[in-house]
1. Which residue pairs have Cβ atoms under 7 Å apart, sit 6 or more places apart or on different chains, and have a first residue in the range 1027-1053 that is free of Cβ contacts under 8 Å to residues at least 40 places away in the same chain and a second that is of a type in the set (Phe, Trp, Tyr) and outside any strand (DSSP E or B)?
2. For the range 638-668, what are the residues that are buried (at least 16 other Cβ atoms within 10 Å of the Cβ) and hydrophobic (A, V, I, L, M, F, W, C)?
3. Considering the range 1054-1093 alone, what residues qualify as being outside any loop (DSSP other than H, G, I, E, B), surrounded by fewer than 24 Cβ atoms within 10 Å (Cβ to Cβ) and either touching a Lys or Arg at 6+ places or on another chain (Cβ under 7 Å) or among the polar types (S, T, N, Q) (or both)?
4. From the list Asn491, Asn480, Asn452, Asn397, exactly one residue is in contact with a strand residue (DSSP E or B) (Cβ under 7 Å, 6 or more places away or on another chain), of a type outside the set (Ser, Thr, Tyr) and over 25 Å from Tyr598 (Cβ atoms). Which is it?
5. Looking at Ile565, Ile624, which is the one that is crowded, with 22+ Cβ neighbours inside 10 Å and of a type in the set (A, V, I, L, M)?
6. Among the residues of the range 110-124, which ones are surrounded by 15 or more Cβ atoms within 10 Å (Cβ to Cβ) and farther than 20 Å from Gly204 by Cα?
7. So, of the residues in the range 691-707 that are in contact with a Gly (Cβ under 9 Å, 6 or more places away or on another chain) and surrounded by fewer than 18 Cβ atoms within 10 Å (Cβ to Cβ), which turns out to be farthest from Val776 (Cα to Cα)?
8. Looking at (1) farther than 29 Å from Ser948 by Cα; (2) in contact with a Gly (Cβ under 7 Å, 6 or more places away or on another chain), can you tell me which one Trp1018 breaks?
Amino acid sequence: MQRYIQQILKISSLMIFCCFTVHAQNSNATKGFDLQVDASTDADGDTRWEDSVGSSGFEYLLDDSPAVNRVTNSSSYSLFTHAYDFPGGSIGNEGGALMVTAGATQTRSFQNAPGDWTNEDVSIEIWFKPDNLTPTPTNGQILFEDGGGTGLGLFIDNNELRARKAGGNGNVAYNLSTDPSNLIDGNATADFVQAVVMYDVSAGSISLAVNGSLIGSHNPGGADWSGSDAFAIGTRGGSNVGGIGGGQQNTESFDGKIALFRVYRNQILDATEIKSNYYAGIVKIAPVFTVNQVTHTTPIPVSLTFKNGDTNTSVSNFVRADLNVTGATVSNFAGSGHAYTFNLTPSTDPSRISVTIAHDSANATSGSLPVAGITQEIFFRKAISQESDLLLWYPLNDPSSSTIAKDWGPHQLNGVISGGPARVEGKVGSAIQFDGDDDKVVVPFDPVMLINKYTVSLWVRPETNDEDYTFLVGRDTSSNRNYYMELSGSNDATSATLHHRFKMGNTGNEGVPGSAGVLMNNWNHLVITNPGNPGTAKTFINGVVINTRTINNTIGMDLNSDFCIGVHPDQDRCFKGRIQDVRLYSAGFTDSQVLSLYSSLSADSGVPVISTQSPVSINSGTSISLAQTASIPKTGFALTWSASTLPTGLSINPGTGAITGTPAANANPVTSTITATNLYGTHYLPTTFLIHPLPSSVTVSSTTDLTLYGATLNGSFADSSGTSYTVNAFVDVADRGTTPGAWAKQFPISVTAAGPFSRTIVGLNPGTTYYYRFAVANAGGVNEWTSSAGTFTTLSAVAPPSLGSLSVSGLTTSGATLSGSLLNTGGENPSFSFLWGDEDRNSSVSLWDNQVSMGIVGSGTQSTNLTGLQLGKTYYFRIMASNGVSTVVSSEIGVFSPAYPNITGFSPNTINTSSNLKLWLDASDLSTAASSWTDKSSFENNATKNGSPAIVTNVQNGLSVMRYAGTQADFHEFTDIADIRTVFWVLKKNSGDGFLLGDDNTGHFHSNAGSIFHSASWMSSPFVSGGDLFINGSSVVGTATDFPSSLSVLSLRTTGNVEASYFSKDRNYDKPWNGDLGELVIFNDPLSNDNMRKMEGYLAHKWGLTSGLPNNHAYKS
């Protein structure tokens, strides 16, 4: 109970951390001790001196006859308020404090401690005040001893303080009476003396320190420092005295007072740590920092005050050089006497700043009090959500080489990473990949963990494990559970259930009902909250309350358990998957606070965000330089860049991120990962490089349509990239070469495909000779120029236009496309018309049935589409052009009759003229549903099978379909297509609310009950619901028409780019497809009406669905 009260008191002091005054670290003992008994705090009045740490499982049984009594202490030198008074004079095991198992009476040696402490280095510290320096026995009085003849001990022997280790000759001693090094204030019997005994196992060396100073050492040898005889303070523990052996060996129990005893396992204190512990026990002048321990702004203002207790006390000889700072630079140092100020500018973001003032750096202005040193830790980083309630924060972004999980919270309670887990891409930045076998993070117990109100938040991406229950985070001893989170159903392929457990009243395993819906292979934000009694404990998944539990009794606290991540405190139930951003707060959050946590990961992380947009198109065989940028929390702090599997010939500058070099002609595409790293973590950006050859054969053709003030420039180029193009014409009265800025005029040319192109230019002078060149770039961005300049001379006068040939194409049952060419404008662009009808009227323009004006045009071919024609009837047409000089009607006549079109040999690839066919999934010839559904387009965007979609053969017209059973697990996933414009399906739907297409982060194809698309713009994309939708070639309204229940051809042309990556699953919602899919074809271009009808006809004929086409469908027959 005493230790419980001490821990509760400690937590109450630690909870206030945001901005506080902190005393020097050295005003407290060096951290890391594994056992400590302190008479000043042992106020329970029993005969047991309890260990305030608890890791040994021991405590000390105080003799009651002769009695060891707790007494008060008042001193101007030492700080102890109480001590135990040892009566002395006993030669057995009496008059002292025997080490026993906690709560029992069995005496123990440190050999019996967990893991046998005696095979490791040790530092043992004791504060004592002897009543007598010259005890009668030859070997003096026992201060402590362990292990009999093979052990060690500390004795007062004829004025000397003597440390002994059996197994060798000699010992280490200091004369307390003569005090040769002037270490004792007054005499040794007047106040408490600090002694530290250290044994280095590997060196076989025993050392002694007195009042903060190392006295000396000796090498008795020996691979341990204790046998099986029990340990005791102030008397003999077993049958033999440690360090002497052979029974009592002329010793007696200690006569005097002992205030404090502590043990550091596997740790040899250095000189600074020894002096820190000494100063922790005496009156001194100590520096006190006033600073935010966790701070978010720079520069950081720091105040430093020297105090004796609570009294400001002046010192001298304290200067800027006495500040030993790492992680920051010091500026504006000022002050004198007891008060000093300075600023710290962090060296990095984040930065763990350490400010150390060595012991005795300053002197007391008056008096002889020593001046202690201090080490103050300051953590500079960006602020996060709910900062004021934060206790522990483990981003789990630690480097792969690190075995430490850094705590970014106010207490810096670092965890231990074991098992060698990989560091992988997280939801944002990086995460730890737990292997489900032995990977784990364990944070050793600290009283700051003792809270009865809490919120735990973490991001988790579970993977299917081989056991049902796996642990996430929390604490647990013998089913006394604190903020405990685990999953059941971890061996399920699709989802698991989250359990939130805690101790309430006398029941150690109470909790909120299990919360289903933690998706496998997906990132889930999991939060548990508990505001204590009274209140409501809750479980959240992705910001949404899933289950609750009324709190009507005290929330208990496990006093000893470590805080574990990815493994149960019993070291089993290992989690498999990724975890990042684990936070423990000291308050039960509201729903809105949890929602804020859910949406704040990116803002809180501090990880750089790379702005590069994928894919990146480049040209092979030419030098490139691609700049990279990334946003970071605070400017002025450097990033480290890297990249994996860059295209051959390219490299990345680690300081600037610039990607430079001359790329080789790799096979497309090249998938790389660009990373930008700061001390918050790493942003992994998958980037696809599309490597295109340079355009070639950029040529100048004869100039046409020469006019007084302009001309039509003609040219061509070859290119195999099939990408977008940038073409420019450069014109001047002289050839200016390949420098764009040197030319007087630049004219952009709209080009959609390689081959011939032209541009009519104006603004020139009559009768003037001009030079021109073309520059062509594909998506790679590098210009390829014509090898030499072309020339032309503008006209001085205008002539009649010249007409060329006629042709007919695109004949359908009710339409045709008429074409005719203008060979020469005559120097002034003429008006151009088609004359047509069911009789030839020759040059009698007014007698023709129809005249279609094409407006003012330049030379070249013009076309017009006719509709409403009669099947089998004969029609005639001519062309006409008129400029300011003359009107000309063609002597050639065109004759045509409407007919059924021919789609023999047509397929989706037939209209793939600019790599616009992005996906083609065809089940017709499949016999089984493999793990990957092969994409028949050129992009090889194969669809990965999830769950159990199945092939059913001979369903329609002898062809197979892919059948989906309507379960969330059944879908196909392909690489995200973000520029969808035209889609064709052969499908039917049985039931449910599945979508035509789904995605991991959008709901563009959102359906509604009874309709293919949802009418609300915030549900489905207006580009989809407002597009052109056809079922079996008949136009329908998607927001008012239900899905077909029999196999049908659906076609959709959207009004803008939309996105999809599934057939068919809606993000993480339960909206699966229940029905059949025969074929899915996606284009990233809005296809023309004729091409849409061709696709419908192709699919209808292939699948035996022509009877569903309307009678006037161009491709029904």
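1. Gly1038/Phe1013; Thr1039/Phe1013
2. Leu639, Trp641, Ala643, Leu646, Leu650, Ile652, Ile659, listed by residue number.
3. Thr1054, Thr1055, Asn1057, Ser1061, Asn1074, Gly1075, Asp1076, Asn1089, Asn1091, Met1092
4. It is Asn480.
5. Values: Ile624 fails: crowded, with 22+ Cβ neighbours inside 10 Å.
Just one listed residue meets the conditions, Ile565.
6. Selection gives Asn112, Ala113.
7. Here the answer is Ser702.
8. Of the numbered conditions (1) farther than 29 Å from Ser948 by Cα; (2) in contact with a Gly (Cβ under 7 Å, 6 or more places away or on another chain), the odd one out for Trp1018 is (2).
The values are calculated or read from the model by the stated rules, or taken from the named source; none is laboratory data. Only a predicted model underlies this, so the values are computations on that prediction, with no experimental measurement involved. Glycine gets a Cβ as well: all are built from the backbone with ideal geometry, and neighbour counts include every protein chain shown.
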